[in-house]
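Below is one structure, written out as structure tokens, with a few remarks after it.
The values are calculated or read from the model by the stated rules, or taken from the named source; none is laboratory data. The shown structure was predicted, so the numbers you read here are calculated from the model rather than taken from an experiment. Counting neighbours? That spans all protein chains shown, and the Cβs are built from the backbone with ideal geometry, glycine included.
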Amino acid sequence: MGQRCLALYSGTSNRELAEEVAKYLGVELGEIEIRRFSDGEIYARIAKSVRGAEVYVIQSLGSKVNEYFMELLIIIDALKRASADEVTAVIPYYAYARQDRKTKSREPISAKLIANLLTVAGASRVVTMDLHAGQIQGFFDIPVDNLSALPLFTRYFQDKNLKNPVVVSPDIGGVTRARALADRLHTPLAIIYKRRPAPEVAEVEEIIGEVEGRDVIICDDIVTTGNTLFSAAKLLKLKGARDIYAAVTHGILTNDAHKKLQESEIKELVVTNTIPIPLEKRVPKLTIISIGNLLGEAIKRISNKDSLSSLFD
């Protein structure tokens, strides 16, 4: 039985990242025709045969979330109808992840709906990065590989030579993630207590732990408006923190978050390129590190049926 062909395709959401992954794997991105009709409908056609192929489709779900998600579903459907053997959806940023449970009556669990739609469309596997809630993996009946940006952040901040650093979780829910970074950097952990009176609104109230005279790394998975992050930095400064950094996997940075960043107490915000950040939002305080090689290595190991465990070290 011959070895299956590996094919790599990209949607329109993060072409630059897909090209990095292709370069790492030493393959060309597959040719795909994607068009929008005047009424907004999306059309996708795979240019060459993928019969029996092992296919990976890279599509992040930042910015135009619903449009990019529908585009991904249509590409997966096209590949399955073209008799691709397996289709892996590589979704660096998994949208709707914050809607992972019901907190009030008559609410949807949208993260589960996304999982259902991907499976029905024909995805055989999902590869993603730093899910907002780890239990989302359990919403799928297909394999899910939830990669972590923590090794990248660890290497980055190890080279910073920070003074007496402490890692800070911006809320109780992020303690596990922040603890993992603190353990890697061999630093103490502090926690900010906050409450949310409304969606995307957070009121920072108190800090649990010692930050006075220390360099601080705020660790989180998503920054959208930045309001929580910037309020946390302001409180940390009031409590005597020295330089304040932030390590956040997904830099959505809606509206004027990039301008607020420049005016905030944060010295440097480090994000990954799971979501493409427009040039006009790449302000001096923003640093972007690439996950291209990490995704490429994950795809290579999945294809070779090798373990992914060491990618988390």
Of the listed residues (Ala89, Ala123, Ala115), the one being among the small types (Gly, Ala, Ser), in a helix (DSSP H, G or I) and free of Cβ contacts under 8 Å to residues at least 60 places away in the same chain is Ala115
Picking from Arg36, Arg51, Arg45, Arg81, the residue that is farther than 26 Å from Ile291 by Cβ and either of a type in the set (A, V, I, L, M) or touching a Lys or Arg at 6+ places or on another chain (Cβ under 9 Å) (or both) would be Arg45
The residue from Val283, Val271 that alone is under 19 Å from the mean Cα position of the chain (by Cα), at pLDDT 95 or above and outside the structural domain of Val126 (by TED's automatic domain parsing) is Val271
Exactly one of Ser49, Ser10 is under 22 Å from Asp130 (Cα atoms), free of Cβ contacts under 8 Å to residues at least 60 places away in the same chain and among the hydroxyl-bearing types (Ser, Thr, Tyr), and that residue is Ser10
*asked:* Just checking, does the range 106-116 include any residue being touching a strand residue (DSSP E or B) at 6+ places or on another chain (Cβ under 7 Å) and not assigned by TED's automatic domain parsing to the domain that holds Val223?
replied: no
When the range 235-291 is checked residue by residue, the ones that are acidic (Asp, Glu) and more than 27 Å from Gln59 (Cα to Cα) are Asp243, Glu263, Glu265, Glu268
Within the range 74-93, the count of residues that are touching a strand residue (DSSP E or B) at 6+ places or on another chain (Cβ under 7 Å) and among the charged types (D, E, K, R) comes to 3
The one condition Leu73 fails out of (1) in contact with a helix residue (DSSP H, G or I) (Cβ under 7 Å, 6 or more places away or on another chain); (2) under 20 Å from Thr249 (Cβ atoms); (3) assigned to a helix (DSSP H, G or I) is (2)
Practice task
Tell me, yes or no, whether the range 76-86 has at least one residue that is acidic (Asp, Glu), under 21 Å from the mean Cα position of the chain (by Cα), surrounded by 15 or more Cβ atoms within 10 Å (Cβ to Cβ) and assigned to a loop (DSSP other than H, G, I, E, B).
Solution key: no
Selection from the range 124-151 of residues farther than 17 Å from Ile299 by Cβ, among the hydrophobic types (A, V, I, L, M, F, W, C) and touching a strand residue (DSSP E or B) at 6+ places or on another chain (Cβ under 7 Å) yields Leu131, Phe140
Leu238: farther than 12 Å from Ala190 by Cβ and at pLDDT 95 or above, yes or no? no
Only one of Val27, Val57, Val50 is closer than 23 Å to Ala298 by Cβ and not in a loop (DSSP other than H, G, I, E, B), namely Val57
Thr88: passes all of (1) touching a Lys or Arg at 6+ places or on another chain (Cβ under 8 Å); (2) farther than 21 Å from Asn293 by Cβ but (2)
Residue count, the range 278-306, condition of a type in the set (A, V, I, L, M, F, W, C), more than 14 Å from Leu17 (Cβ to Cβ) and touching a residue at least 40 places away in the same chain (Cβ under 8 Å), comes to 1
